[in-house]
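To start, the structure itself, in structure tokens.
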Amino acid sequence: VEGNQAPSVAQKGVSDRIITATAAEGTVFIAAGITTDLVRETQERHQLGPIVSTIVGRLITGATLLGARLKDTERISLQIASEGPLRTVVADVVRTSPQGIGARAYSSIPDVELPVQTNGKSRIALAIGKGWLQVTRSYDVGQPYVGIVPLASGEIGDDIALYLLQSEQIPSVVTLGVMSTYENVVLSGGVIAQLLPGAAESAITMLNHHAHAMPPITQLIAEGATPEVLAQNFAGIYELRVLENYDVRFHCRCTREKVYLALMSLGRNELLKLITEQEKPEAVCEFCKMQYMLTREELQELIERLDHL
Ligand SMILES: [Zn+2]
């Protein structure tokens with residue numbers, strides 16, 4: 001990739017990839033990646049406006065980076081509950097294969113209108129306002145682990161770092177970036193660095209220093225930076241040791257049976273309404289916008305299933 005090409009050209013054909021690495025004699029863990037195609041697909045599926053696609057893009061990128069540490073069947077879900085115009089944004093991640101990470105996301109509102117004058121505040125923080133970040137880790141067996149923290153800044157990266165520190169006691173530095181035009185997502189990526197047991201106390205100061213001293217992550221990616229280069233920028237003087245490479249793509253777990261269960265949870269009356277009031281009953285997955293066309297017979301069967309519960 002030529003460094004002097006326009007970002008939109010430079011990123012075409014570059015597929016998403018995340019690497020994991022250690023630095024500082026194995027006491028610092030780093031996940032770094034490019035998520036342009038993932039964020040672009042999410043924006044297109046949900047027809048997100050520019051501010052919301054930046055917010056959703058940062059959240060799904062952060063979730064994807066955390067996903068690099070998931071074991072087999074574990075899942076992680078990040079949810080922002082906002083008091084601002086945005087309301088709810090959810091991103092969740094699973095491992096799709098030993099070297100694959102699958103992510104999906106949605107926003108309760110696809111676009112937000114903000115005043116032209118923002119009085120120096122970031123438009124992203126204004127769209128989110130006050131709120132909480134909830135993180136749910138689900139395992140194959142046992143109860144999920146749920147942690148919730150108030151938003152630190154509403155810029156997503158800092159909020160995830162605060163969650164990791166307060167809820168999981170892991171000092172972390174998180175940088176996430178999405179560059180978009182009014183119409184589409186140009187590029188996206190991020191880095192998460194975490195202290196591992198045995199890390200020097202000064203290491204987190206060092207990592208913070210590197211993160212603030214490096215050029216904006218969107219600029220680095222526009223110039224053609226690979227995940228390795230992003231990670232090395234975070235590692236700074238520390239020597240980087242790459243561990244794993246992961247493919248990343250949009251992946252939804254919805255199935256017809258899950259749609260049935262969601263419809264059944266609406267109750268008998270709502271199902272009857274669907275049968276009598278809808279010409280062509282359908283249900284839409286909120287995560288991927290897949291349309292499930294339903295027959296009256298199918299809906300009738302769901303009512304019978306409810307009656308036999
Ligand atoms: Zn779906």
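Worth pointing out:
- Residues of the stretch 97-116 satisfying the condition of being among the acidic types (D, E) and in contact with a Leu (Cβ under 8 Å, 6 or more places away or on another chain): D111
- Residues satisfying the stated conditions in the stretch 282-297, i.e. away from the ligand (no atom under 13 Å from the Cβ), in contact with a helix residue (DSSP H, G or I) (Cβ under 8 Å, 6 or more places away or on another chain) and open to solvent by 20 Å² or more (accessible area, probe 1.4 Å): R296
- The condition of being of a type in the set (D, E), open to solvent by less than 40 Å² (accessible area, probe 1.4 Å) and more than 16 Å from the ligand (Cβ to nearest atom) holds for D159.
- Check on V93, within 30 Å of A199 (Cβ to Cβ), modelled with pLDDT of 95 or more and within 12 Å of the chain's Cα centre (by Cα): yes
- Verdict on R305 being in contact (Cβ under 8 Å) with a residue 40 or more places away in the chain, away from the ligand (no atom under 16 Å from the Cβ) and open to solvent by 70 Å² or more (accessible area, probe 1.4 Å): yes
- Scan the stretch 105-129 for residues that are more than 19 Å from A91 (Cα to Cα) and not acidic (D, E) and the total you get is 11.
- In summary, strands (runs of 3 or more DSSP E) completely within the stretch 17-131 and bearing 3 or more residues that are within 16 Å of the ligand (Cβ to nearest atom) occur at 88-97, 100-107.
- Residues of the stretch 215-253 classified as touching a residue at least 24 places away in the same chain (Cβ under 8 Å), over 22 Å from V185 (Cα atoms) and buried (at least 18 other Cβ atoms within 10 Å of the Cβ), total: 6
- Annotation note: Cβ proximity below 9 Å between a residue of the stretch 280-297 that is in contact (Cβ under 8 Å) with a residue 60 or more places away in the chain and a residue that is more than 13 Å from the ligand (Cβ to nearest atom) (sequence gap 6+ or interchain) occurs for E286/S108; K289/Q47.
- Count of the stretch 227-280 residues which are assigned to a strand (DSSP E or B), among the β-branched types (V, I, T) and under 24 Å from T42 (Cα atoms): 1
- Only residues that are in contact (Cβ under 8 Å) with a residue 40 or more places away in the chain and either buried (at least 22 other Cβ atoms within 10 Å of the Cβ) or in contact with a Lys or Arg (Cβ under 9 Å, 6 or more places away or on another chain) (or both) were counted across the stretch 93-111, and they come to 11.
- If you go through the stretch 114-135 and keep only what is open to solvent by less than 30 Å² (accessible area, probe 1.4 Å) and within 23 Å of Q169 (Cα to Cα), you end up with G131, L133, V135.
- Residue within the stretch 79-86 that is open to solvent by 20 Å² or more (accessible area, probe 1.4 Å) and free of Cβ contacts under 8 Å to residues at least 24 places away in the same chain present: no
- Hey, S167 without any contact (Cβ under 8 Å) to a residue 40 or more places away in the chain, in a helix (DSSP H, G or I), polar (S, T, N, Q) and closer than 30 Å to L48 by Cα or not: no
- Residue count for the stretch 140-157, restricted to those that are touching a strand residue (DSSP E or B) at 6+ places or on another chain (Cβ under 7 Å) and free of Cβ contacts under 8 Å to residues at least 24 places away in the same chain: 7
The values are calculated or read from the model by the stated rules, or taken from the named source; none is laboratory data. The structure displayed is predicted, hence computed values, not measured ones. Neighbour counts run over all protein chains shown; Cβ positions are idealised from the backbone, glycine included. What goes into the accessible areas is simple: the full protein's heavy atoms, side chains included, and nothing from ligands, DNA or RNA. Shrake-Rupley method; radii C 1.70, N 1.55, O 1.52, S 1.80 Å.
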